[in-house]
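*Asks:* Take this structure, written in structure tokens, and hold onto it; I'll ask about it next.
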Amino acid sequence: MTELESILCNEIDNDFDYIVSLRRYFHSHPEVSTEEYLTAEKIESELDKLGIAHKRVAKTGIYAEIVGDNPGKHVIVLRADIDALPVKEEHETPYKSVYEGKSHACGHDCNTSCLLGAVRALVKHKDLIKGKVIINFQPGEEIGYGARFFVDEGHIDEADRSFGVHMSSRERVGNVVCMAGPNNASVDYFHIRINGRCAHIASPEKGIDALHIASQIVVEERALFAQYPIDQTLIGIGKMSAGTQYNIIAGTADIEGSLRCMTHEMRKVMKAKIEDIAKRVAEEKGGTVEIEWKDFTSPLINDEIATLEAQETAASIFGEEKLIKNRKADLSGDDFAEYIVKVPGHYAYIGSGNPEIPETCVAHHDTKFDVDERCLAFGAKMYACYAINYLNK
């Protein structure tokens, strides 16, 4: 561990109880995407205590800066997502959600608290920093909403490196995953409207059965998905609706689903194939289709150089044995991907699971999700040490 890393890590260790208290506040007061008003106010209050100026982005997001006392040519952006989920918490804890039907079942309360802990350490040692640290507390990650505001409105334009962390119940607490290349999938929502023609069920030749067309489209889309490795792409169809009554041929039908891909190239190919199947099947049976896409996030592909930097930092402060450089990529999405598309960066996963505490090993978004809070120190240290190592290199 370098001298600078040691200084920051000691600050974070001394602040550990503070970081835990923040996490428990956020955990017990979860707010879902675009509604994070009290969460934003709490973050602003903590920044005010540190004398850090801030401004709102996308109503509930927060932008802030730490400018080092020493001149430097580099700028890094650190991001934490702040939104919760519309999921009822069923895990009994002293810090259980006070809002019925809402919980931090993905660990964003941890990400937010880790970044605030890192900010406290960095502010206390501005004399050791060259250049600038941009701080983003981002809303709406769960719905692919918040990142684009920070990116499209120019709030990270001057940065030349981006960095974020996320908890991982798949990994034991104490381990840190820093993996190059694809880590998370793109997420695209699609809605296919099939237009047929109604008729009496006893006169099928007079109608065009939109329900039958929709069923065939679903079968062919599933067959398409089966042609590819499941760790590369996924087509999930979660909703199909059609018709108005049992004895009337359906005049319209609707299919809603999600496409997930690990690369930009695969995403482009699969979107075209989904559209081609829907149009062909409908036309063969006399119907038409309308297709709507919603782009929630790009695939998250960690930059090679930024990954090497993150691996060096993790190995230095935690030990090489705690660093995981390769694991199975995840078909879940994360809109930190939009930061990396704009600014080369790395997204690290912090182990938060402990087999002795079963709730810490359940899947993210589970109603009983929790973390081993020792993970908070690891996340805060990665934020702070990666930033200072990059700026001072």
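*Asks:* Can you return the lysines within cross-link range of K102? Criterion is Cα-Cα under 21 Å, with same-chain partners fewer than 8 residues away left out.
*Replies:* Output for K102: K42, K59, K88, K368.
*Asks:* Given 37 °C and 0.692 mPa s, compute D for segment 295-393 with the Stokes-Einstein relation, Rh being the Kirkwood radius over Cα pairs; round to the nearest whole µm²/s. Please list the in-between numbers first.
*Replies:* Working: Rh = 15.1 Å.
D = 218 µm²/s.
*Asks:* Charges only on Cβ, +1 for Lys and Arg, -1 for Asp and Glu: so what's the dipole of the chain about the Cα centre, in debye to the nearest 20? Please report the intermediate quantities before stating the final value.
*Replies:* Numbers: 44 positive and 63 negative charges, 115 e Å.
My answer is approximately 560 debye.
*Asks:* Over the chain, calculate the relative contact order: mean separation of alpha carbon pairs under 8 Å at least 6 apart, over the residue count, as a percent. Provide the component values of the computation, followed by the final result.
*Replies:* Details: 948 pairs, mean separation 96.7, N = 393.
Relative contact order for the chain comes out at 25 percent.
*Asks:* Quick check: at a probe of 1.4 Å, how many percent of the accessible area of segment 212-338 sits on carbon and sulfur atoms? Mind dumping the intermediate values first?
*Replies:* Details: 3240 of 6360 Å².
It is 51 percent, rounded to a whole number.
*Asks:* Hey, what do the phi angles of segment 265-278 turn into as Karplus ³J(HN,Hα) couplings, whole Hz, using 6.51/-1.76/1.60 and θ = phi - 60°, x for Gly and Pro?
*Replies:* Once θ is set to phi - 60°, the couplings for segment 265-278 become 5, 4, 4, 5, 5, 5, 4, 5, 5, 4, 5, 4, 4, 4 Hz.
*Asks:* With the cut-off at 31 Å, tell me which of the pairs K96/K126; K73/K294; K239/K268; K239/K381; K96/K294; K268/K381 have Cα atoms farther apart than that.
*Replies:* Values: K96/K126 36 Å; K73/K294 38 Å; K239/K268 23 Å; K239/K381 43 Å; K96/K294 34 Å; K268/K381 37 Å.
Long pairs (Cα-Cα over 31 Å): K96/K126; K73/K294; K239/K381; K96/K294; K268/K381.
*Asks:* Quick check: Cα centre of segment 19-74 to Cα centre of segment 179-245, how many Å?
*Replies:* Centre-to-centre (Cα) distance: 41 Å.
*Asks:* With labels modelled as points extended 7 Å from the Cα through the Cβ direction, what inter-label distance (nm, one decimal) is found for A226 paired with K294?
*Replies:* For A226 paired with K294, the spin-label model returns 3.0 nm.
*Asks:* Find the Cα radius of gyration of the chain, compare it with 2.2 N^0.38 Å by division, and give the number to two decimals. Mind showing how you got there, number by number?
*Replies:* Numbers: Rg = 23.5 Å, N = 393, 2.2 N^0.38 = 21.3 Å.
The value comes to 1.10.
*Asks:* Would you mind working out the accessible area per residue for the chain, using a 1.4 Å probe, and quoting it in Å²?
*Replies:* Averaged over the residues of the chain, the accessible area is 41 Å².
*Asks:* Rounded to a whole number, what % of the accessible area of segment 7-150 do carbon and sulfur atoms account for, probe 1.4 Å? Could the numbers behind the result be given before it?
*Replies:* On the way: 2660 of 5290 Å².
Carbon plus sulfur share of accessible area: 50 percent.
*Asks:* Find which of G181, I230, I340 sits farthest along the positive direction of the dipole of the chain, computed with +1 on the beta-carbon of Lys and Arg, -1 on that of Asp and Glu, about the Cα centre.
*Replies:* Checking the options against the dipole of the chain, the answer is I230.
*Asks:* Sticking with this structure for a sec: What list of ³J(HN,Hα) couplings, whole Hz, do you get for segment 369-381 from phi and the Karplus terms 6.51, -1.76, 1.60, once you set θ to phi - 60° and write x for glycine and proline?
*Replies:* Computed from phi, the couplings for segment 369-381 are 4, 8, 9, 7, 5, 4, 4, 5, 5, 5, x, 5, 5 Hz.
*Asks:* Could you tell me which trypsin sites (Lys or Arg not before Pro) in segment 312-389 are loop residues by DSSP with no more than 10 other beta carbons within 10 angstrom of their beta carbon? Provide the component values of the computation, followed by the final result.
*Replies:* Numbers: sites: K322, K325, R327, K328, K342, K368, R374, K381; in loops: K325, R327, K328, K368, R374.
Hits after loop and neighbour filter: K328.
*Asks:* Name the lysines eligible as straight-distance cross-link partners of K206: C-alpha to C-alpha under 20 Å, and not fewer than 8 places from it in the same chain.
*Replies:* Result set, ordered by chain and number: K285.
*Asks:* Roughly what % of DSSP beta bridges within the chain run antiparallel, to the nearest 5? It would help to have the intermediate numbers written out before the result.
*Replies:* Numbers: 45 of 69 bridges.
Once the DSSP bridges in the chain are tallied, antiparallel ones form about 65 percent.
*Asks:* Could you sort the peptides 138-144, 68-74 by per-residue average Cβ neighbour count (10 Å cutoff), highest mean leading? Present the calculation step by step, with values, prior to reporting the outcome.
*Replies:* Values: 138-144: 25.0, 68-74: 13.0.
My ranking of the peptides, most packed first, is 138-144, 68-74.
The values are calculated or read from the model by the stated rules, or taken from the named source; none is laboratory data. If you're wondering where the values come from, they're calculated on a predicted model, not measured in any experiment. In this analysis, Cβ positions are derived from the backbone assuming ideal geometry, glycine residues included, and neighbour counts consider all displayed protein chains. Note: accessible area is taken over every heavy atom of the protein model, side chains too, but ligands, DNA and RNA are not part of it. Shrake-Rupley method; radii C 1.70, N 1.55, O 1.52, S 1.80 Å.
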